[in-house]
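Below is one structure, written out as structure tokens; comments come after it.
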Amino acid sequence: MKKLLTGTALAVCMTSPALAEGTLNLYVWSDSIAPDLIEKFGEEYDITVNVDGYTSNEDLLTKLQAGASGYDISAPSHHFLRIMIDEGLLENFDAKELDAFNQVDERWRNQWWDETQEYSIPMAYGTAGFAVNTAEYDGPTDSMKYFFEPGEDLSGRIALLSYPDEVIGAAQLYLGVPFCSEDSSEMKRVLDLLMAQKEHVAAYSSDNIEGRLGSGEVAAHFWWDGTMTKALRSVDNLEYAMPKEGLVGWMDSWVIPKGAPNRENAIKFIEFMSTPENATAQMNYYAHSSPLELIEADLVYTQEKAPALYPTVPVEMSRTCSPKAQDLVTRVWTQLLQ
Amino acid sequence: MSDTAHTAHASAGASPARRRPLNLAYLGLLPSWLIMGFALLLPILIVAAVSVSTRGAYGGFEWGFDLTGYSQILFNEGWEGEMEFTPQYLIIILRTIVLAALTTLLCLVLAVPVSYFIAQQSSSRKALLVYLVTLPFWMSLILRVYAWMIILGKDGPLPRFLEVFGAPSGLSLMYNDGATLAAMVYTYIPLMVLPVFASIEKLDGTLIEAAHDLYGNRWVTLRRVILPLTAPGIISGAILVFVPALGAVLEPILMGGGKQMMMGSLIQLQFGGGRNWPFGSAIAVMLLVFVMIVLIILALRAARKEAAA
């Protein structure tokens, strides 16, 4: 029986078009990795690369918690990375011993989400805030006030994301409430702010932000710095706000999920993506800032061309909320959309 | 060997009623039992088990017996820190049921004339029209919803058309309940047309003639002859639309703007950001039980009608 199965498996392998040395299964943010880099990696190492995408950290965490995912590489944001390490969902691959680690900018090494830098190599960072379509709105954007307490000109023409994570963070920055607050009276203020904003909101949706804001369906949208920068390739008139209250920061890192079937290939991939040449090509595609050493001369998204990536206001990194704080976040969101 | 076979044969011959040969037909059904067991029953049992397990601090769950997931549907800690009755989940559940029911009703109202029309055509045109009804299924649901976003959105064909009749320019018909409903009806209507068409096609025309001969006007004919005879198609169509409409996530968010949560998004939130799998599972189980009750009621009524006929 076993022989028969092996035979069938072999036959299936033989008939698949790419007969490569090995495989590598990526589970990363949708559309986040430069396709030509994946192709180049596959050819250089004779590895078949499969790419699946997720669109929220919650999706990724849920999938890894559900058990053997079969994935070799993922890229959670820092505050989820911390949970995944603590919950034993990641492989310790002694990341600090890799060549890739030496490419990482000093200020992004050994942060609280992976102090010993054994589980992760940073790959991209950025902020979340709001962007406006300047053809539809020419008012000021230097405060969150215009977004959370919109006047006549933005009423009914703003949109947020369909999940709470960074939206609540931005509201907390505006109100001066600490991230992951466990104080229910503070979180009630966050709810009151969002409730009052709701009547001016057109949509709570994380899909098709580019189309919604670019077409002028809405005039202001909660968004990420790099995603907006990337959208500038096809849409004009987009501007990322620099509110004086600050922006919500995040950092995505390569990790290897526990029990990854192709651990060695995963390490090869991380090393490959972290060389200055490839890291530059990756940033030119992804349009989010890179924490790695780059070849400045080849960089497309310079401060001049992509001001959104070079914030002029304080950036407050998201935190890993305690279960109590997370329950308050969920309560705010459920009551907002009940 | 031959001895035993002989004996078996003899005894079988002596009392054929007592010894039946092993029915191999059941063995032939084994693949379908396995598929039913592993692909349908097992996942439901897992969800039911998670719904009574203990919630993990950062999502996930630990096996155990804990009914908190179910009590959370009605009672939660309020802003003052005391347990209180929280109607929000009931509101979300009720809203979802109303949306699904409205979708079903609109699908039915639109599908009956369409099916009747198709049934009247020549057989070659009939085949073509039925094919056209199923055509949207060849495309991904998300693309079809995006198409509706373009149709109803700012500067889309429909607002442009309405401008001709004096609607303000720059009008957008997106992000309201009507937009959600339009996309829902569009998505699910083929599931209504096909079974309704199948039963209308089988309708015996002479019975309608007979109704007219007996001085039944059109309304009476529809109510007393056509509808009762096509009821099986209408009921299966209604089930095929109502049940998946209860779990709709895409349309309310993309078309309605996600301003009011539906049960699908609520369950998603609990497994994601809410990190409360037992509660998410409890809502899913509740949805399942509700659907089962509705189906059982419908099945019982159908059986009683059949018995009466």
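For the reader, a short list of remarks on this structure follows.
- Sparsely packed loop sites in segment A:57-128 (the trypsin sites (Lys or Arg not before Pro) outside DSSP H, G, I, E and B with at most 16 other Cβ atoms within 10 Å) comprise A:109.
- Whole-number D in µm² s⁻¹ for the protein assembly as shown, Kirkwood Cα-pair radius fed into Stokes-Einstein, 4 °C, 1.567 mPa s: 45
- A Förster radius of 30 Å combined with the Cβ-Cβ distance from residue A:233 to residue A:275 puts the calculated FRET efficiency at roughly 0.75.
- Each label was represented as a point 7 Å from its Cα along the Cα-to-Cβ direction; for residue B:66 and residue B:249 these points are 2.3 nm apart.
- Per residue, chain B reaches -21000 deg cm²/dmol at 222 nm when only DSSP H runs of four or more residues are counted, each adding -39500 (n - 2.57).
- Residues in segment A:140-151 carry Karplus couplings, in order, of x, 10, 8, 8, 5, 3, 5, 8, 7, 10, x, x Hz; the curve used is 6.51 cos²θ - 1.76 cosθ + 1.60 with θ = phi - 60°, and Gly or Pro positions show x.
- As a length-normalised measure over Cα pairs under 8 Å and 6 or more apart, the relative contact order of chain A settles at 26 percent.
- Each label point was placed 7 Å from the Cα along the Cα-to-Cβ direction; for residue A:315 and residue B:177 their separation is 4.3 nm.
- Taking Lys and Arg as +1 and Asp and Glu as -1, the other residues whose beta-carbon sits under 15 Å from that of residue A:165 total -2.
- Sites residue A:134 and residue B:296 - FRET efficiency at Förster radius 56 Å, r taken between beta-carbons, to 0.05: 0.45
- Phi angles of segment B:202-208 translate, via the Karplus equation with coefficients 6.51, -1.76, 1.60 and θ = phi - 60°, into HN-Hα couplings of 7, 4, 7, x, 5, 5, 5 Hz per residue; Gly and Pro are given as x.
- Shielding by partners, peptide B:252-260 (average Cβ within 10 angstrom, other chains): 6
- Mean partner shielding of peptide B:57-69, defined as the number of other chain Cβ atoms within 10 Å of each residue Cβ, is 3.
- Computed over chain A, the per-residue total of -39500 (n - 2.57) for DSSP H runs of n ≥ 4 gives a 222 nm mean residue ellipticity of -11000 deg cm²/dmol, rounded to 500.
- Extended-chain gain in nm, criterion 0.36 nm per residue less alpha-carbon gap, residue B:218 and residue B:137: 25.7 nm
- Taking label positions 7 Å along the Cα-Cβ direction at both residue A:263 and residue A:109, the computed distance is 2.4 nm, reported to one decimal.
- Exposure proxy shown here: for B:33, A:224, the number of other Cβ atoms within 10 Å sets the order, fewest to most, as B:33, A:224.
- Partner shielding of A:161-167 amounts to 3, given as the average count of beta-carbon atoms from other chains within 10 Å of each residue beta-carbon.
- Cut-off of 10 Å, at most 16 other beta carbons, DSSP loop: longest stretch of chain B lacking such GluC sites (Glu not before Pro): B:83-309
- Long-range HN-HN contacts of residue A:90 with modeled amide H, under 5 Å: A:258
- Highest average packing first - B:115-125, B:90-100, Cβ atoms within 10 Å: B:90-100, B:115-125
- log10 of Debye I(q)/I(0), alpha-carbon scatterers only, for chain B at 0.09, 0.10 Å⁻¹: -0.70, -0.82
- Which listed pairs, of A:258/B:259; B:126/B:259; A:258/A:305; A:63/A:230, have C-alpha distances above 31 Å, in listed order: A:258/B:259; B:126/B:259; A:258/A:305
- Segments A:146-153, A:166-173 sorted - mean Cβ within 10 Å per residue, highest first: A:166-173, A:146-153
- Sum of side-chain charges, residue A:214 neighbourhood, beta-carbon under 13 Å (Lys, Arg +1; Asp, Glu -1): -2
- Cut-off 19 Å (backbone N to label point 7 Å along Cα→Cβ of residue B:307), residues of segment B:280-297: B:294-297
- Table column - 3J(HN,Hα) (Hz), segment A:330-338, Karplus curve with 6.51, -1.76, 1.60, x for Gly and Pro: 5, 5, 4, 5, 5, 5, 5, 10, 5
- Close amide-amide hydrogen proximity is noted between residue A:123 and A:252, A:253, A:254, each under 5 Å apart and 5 or more residues distant or on a separate chain (H modeled in the peptide plane; Pro and chain starts excluded).
- Sorted largest first, extent of chain A alpha carbons per principal axis (Å): 70, 45, 39
- Taking A:180, B:107, A:321 and counting other C-beta atoms within 10 Å, the order from fewest to most: A:180, A:321, B:107
- Restricting attention to the protein assembly as shown, close to 55% of DSSP beta bridges with both partner residues there are antiparallel.
Read-outs: derived from the displayed coordinates by stated rules, not from any lab. These figures come from a predicted structure and were not determined experimentally. Note: ideal-geometry Cβ built from the backbone for every residue, glycine included; neighbour counts use all protein chains shown.
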